[in-house]
Amino acid sequence: MNQRLSGYFPRTLNRYRSLAAQAYFELTTSIKHAVSVALRGKTFRGKTGLKVNVGCGDSPLADWTNVDVYSAPNIFYWDCRRSLPFDDQSVDIIFAEHVYEHFDHPLETGPFLAECRRCLRPAGVLRIIVPDAGRYLSLFSQGLDAFVPVRPLSVSGDGFRDHCLGTKYETPMELINVVFRQGHEHKFAYDAETLRLYLHRAGFRESLQQQFGISRWAEVPPDKPERASESLYVEGIN
């Protein structure tokens, strides 16, 4: 077998593995979501004043309704790309920290924003936190050193190692691609102007860029401090 063919088959196998992993995730998520709809779809019927944490992963918040496609105690299994399991105008705040960038745009982001508007009470708050693409791009021409205050990097041989992902970067473009794509997980990159535009298009009465720990909502938001340096905070007011 020549050298070109010997390299082709492993690459093809890895590609199919990646596609298979994505397909398996979507299939199992669809099945589990359907089961949750059938068995638990009326759980929040008649409930109001809810605080909803979308995409909580393995870190549910106390005194919140934690929703994710992650099976664990204190987490309500629901695929929020499809719908939200709450009554109209029954939710005070929807908190979505580093999950919105995982939704396909506009196929999944559009329905999600529409569902948020439906569930939020008048003057309710949707707080979306995503990687700040504008901040990353503003640093691009300054070299990898400029990213250190934004993302935890350490010098590693002839490059920089990412403490979050373990990836090594030798050029700013390598870092940009990993942050914006994260394999196949990240679907769209946002800056404040773009995210606010989409909130207005979705019908939110007001949108504004916020900062870590600051919100139009009456309580201090549960933002993760370890993500603050790279995060964009935007709120839509219903």
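The values are calculated or read from the model by the stated rules, or taken from the named source; none is laboratory data. What you are looking at is a predicted structure, and each value in this text was computed from that prediction instead of being measured. Virtual Cβ from ideal backbone geometry, glycine too; neighbours counted across all protein chains shown.
The condition (being more than 22 Å from GLN22 (Cα to Cα) and touching a Phe, Trp or Tyr at 6+ places or on another chain (Cβ under 7 Å)) is satisfied by just one residue among ALA133, ALA189: ALA133. In contact with a Ser or Thr (Cβ under 6 Å, 6 or more places away or on another chain), buried (at least 21 other Cβ atoms within 10 Å of the Cβ) and either closer than 29 Å to SER229 by Cα or of a type outside the set (S, T, N, Q) (or both), is that true of ILE129? Criteria met by ILE129.
Here is a yes/no grid of residues against (1) outside any loop (DSSP other than H, G, I, E, B); (2) assigned by TED's automatic domain parsing to the domain that holds VAL99:
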site: MET173; (1), (2): yes, no
site: ASN177; (1), (2): yes, no
site: ARG196; (1), (2): yes, yes
site: HIS200; (1), (2): yes, yes
site: PHE212; (1), (2): no, yes
site: ARG227; (1), (2): yes, yes
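For region 178-221, filtering for residues that are of a type in the set (Lys, Arg) and either touching a helix residue (DSSP H, G or I) at 6+ places or on another chain (Cβ under 9 Å) or at pLDDT below 95 (or both) leaves 3.
LYS187 meets each of the listed conditions (1) within 22 Å of the chain's Cα centre (by Cα); (2) of a type outside the set (Ser, Thr, Tyr); (3) outside any loop (DSSP other than H, G, I, E, B) apart from (3).
When the residues of region 164-200 are filtered to those that are touching a residue at least 40 places away in the same chain (Cβ under 8 Å) and of a type in the set (A, V, I, L, M), the one that is surrounded by the most Cβ atoms within 10 Å (Cβ to Cβ) is LEU195.
Residues in region 70-108 that are in a loop (DSSP other than H, G, I, E, B) and touching a Lys or Arg at 6+ places or on another chain (Cβ under 7 Å): ASP87, ASP88, GLN89, SER90, HIS98, PHE103, ASP104, HIS105, GLU108. Each residue in region 201-215 was checked for being under 21 Å from CYS56 (Cβ atoms) and touching a residue at least 40 places away in the same chain (Cβ under 8 Å), and 2 pass.
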